[in-house]
Amino acid sequence: MAYLANISDFLGFTAPRQSQLAMVSGKKLVFWILIAALMYQALLCAVHTNVHSISMSGVALAELCIYLACFAVLVRHLRLEFIALAALTVAYLLLLAILRNQLDPKGFRDVLIPILFYGIGRQIGDVKYADRVLKVAVLVVLAFGFFELLALDAFSRVFNIFSYYVSQGSLQASSHWAKDSVLGLNGTRPEGIGRTILPSLLGNHRVSSVFLEPVSLGNFAVIIAAWGLAKRRTEIREMAFFLIAALVMIALADSRYGMITLSLLAVLRLLPWHRHAWMIGLPLGAVALLLSIGTFYTGGYGDNVVGRLYVSGVTLLDMNVGMIFGLDGFNTAYGDMGYPTLLTRWGALLCIFLWCAFWMVRMEDERGDRFRAFTTLYMSLILCVSGTSLFALKTAGILWFLVGCFAGRPAGLAEPAETKKEMPNVR
């Protein structure tokens, strides 16, 4: 209980005035929602390994509890724009289900995450609160990550990751090539490929921490790096904390995507212009690049960046009108091809609607504008090399909560005036 009290002190939950009780209660609940979203897969894996087998239905039930907790926060002050956005989205997905003659629960689940977590970020969160929550999350992730790195045998006795995913049907038991390992398939680099980052120091092991997958650890690192880089130059200590943590995570996970994206984020942060509205078209640019590679690249598929981009480009070239508008191919497994997955599940019309809604959000200050631009880069690139990572609750929940924290909020819910002071022309 003393430990929980310390966390409450750190997050600023102590000594509330009577008029703030509802807000404080909401912040406590949101903190545990975010921690649950971050760690639920690890907790379920530990239960599966040591207590009782967990199937896909058990994972779905855990996610449902998290979504219901989000709704419990939002229902206290439902806003008209939230209701309108959710209603239009659900209506469109139901229309697609009628036209397809089949309901796609995955499509509903994927769109639910950004709506709910953006909602609780906008209603409850603010930048200072998000800083504190994110620091707790970073420390938890690093603690589990170094536990896995330095005591792999003990970690494996607690978390049999391979068996956990086999029980959900995500993997076949015969697909395991790493002898005596209980990590996931991507938890070890094959000998022919090897590590990219610090191979002589860390070997072929790719750390996954609480995410159970090194890919998700790399994605989380990019998110916290984006949060750090969005800060003002006067917040250099906060920026440095998140950037250093992100670099450590990328190294542990050997995330090639994380390494490339973080480099691009740093370049974007150093560019002289202040406006980022041009980035609204970045997904179209990414699709155009994939189509070009699919058309002109002659090297074929390979387990490298260009080879994976080539397959995505060829798949996009082969899509018909029905697939582009979500009428066909929605139940096809596209693997690491994010744009075909997104188009066939949601359709181009819903993608455009939600993208415009994202860019129409009025951000609180220039930090929010930068974070939206960085989030745009993150999403545009991840859809080039991954089919479902963008919609993984363990990282997507945090991402959309942070977007909501930067959004302009109603009078009375904004940060205190002194936290919003800013030097002129400071980027």
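The values are calculated or read from the model by the stated rules, or taken from the named source; none is laboratory data. Everything quoted here is computed from the prediction, not taken from an experiment. Cβ: placed from backbone, ideal geometry, glycine included. Neighbour counts: every protein chain shown. Each accessible area value is taken on the protein alone, full model and side chains, heavy atoms only, with ligands, DNA and RNA left out. Shrake-Rupley method; radii C 1.70, N 1.55, O 1.52, S 1.80 Å.
Okay, here's what the table says:
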{"quantity": "Centroid-to-centroid separation of the stretch 250-326 and the stretch 117-140 [C-alpha atoms, Å]", "calculated": "29"}
{"quantity": "For the chain, size of Cβ-based charge dipole, Lys and Arg +1, Asp and Glu -1, in debye", "calculated": "900"}
{"quantity": "Computed accessible area, Tyr310, all protein chains, 1.4 angstrom probe, square angstrom", "calculated": "60"}
{"quantity": "19 Å Cα-Cα threshold exceeded, pairs from Lys28/Lys106; Lys106/Lys135; Lys106/Lys394; Lys27/Lys106", "calculated": "Lys28/Lys106; Lys106/Lys135; Lys27/Lys106"}
{"quantity": "Cα-derived Rg over Rh, computed across the chain with Rh taken as Kirkwood radius", "calculated": "0.95"}
{"quantity": "Heavy atoms of Tyr297: accessible area, 1.4 Å probe, square angstrom to 10", "calculated": "80"}
{"quantity": "³J(HN,Hα) computed for each position of the stretch 240-256 - Karplus, 6.51 cos²θ - 1.76 cosθ + 1.60, integer Hz, glycine/proline x", "calculated": "5, 4, 5, 5, 5, 4, 5, 4, 5, 5, 4, 5, 4, 7, 6, 8, 5"}
{"quantity": "For the chain, accessible area per residue (1.4 Å probe, heavy atoms of protein chains only), Å²", "calculated": "46"}
{"quantity": "Accessible area (Å², 1.4 Å probe, nearest 10) - Ser167", "calculated": "40"}
{"quantity": "By accessible area with a 1.4 Å probe, ligands and nucleic acids excluded, highest first: order of Lys28, Lys231, Lys106", "calculated": "Lys28, Lys106, Lys231"}
{"quantity": "Net charge dipole size for the stretch 70-136 [Lys, Arg +1 and Asp, Glu -1 on Cβ; Debye, nearest 20]", "calculated": "180"}
{"quantity": "Cβ-based charge dipole, the chain, positive-most Cα from Leu96, Ala154, Ser263", "calculated": "Ser263"}
{"quantity": "R0 of 41 Å, Cβ-Cβ distance Asn331-Val305: FRET efficiency to nearest 0.05", "calculated": "0.90"}
{"quantity": "Value of relative contact order over the chain, rounded to a whole percent, pairs C-alpha under 8 Å and six or more apart", "calculated": "21"}
{"quantity": "Within the accessible area of the chain (1.4 Å probe), percent carbon and sulfur", "calculated": "67"}
{"quantity": "Amide H partners (placed H, <5 Å) of Ala407, local residues excluded", "calculated": "Glu364"}
{"quantity": "For the stretch 97-160, size of Cβ-based charge dipole, Lys and Arg +1, Asp and Glu -1, in debye", "calculated": "200"}
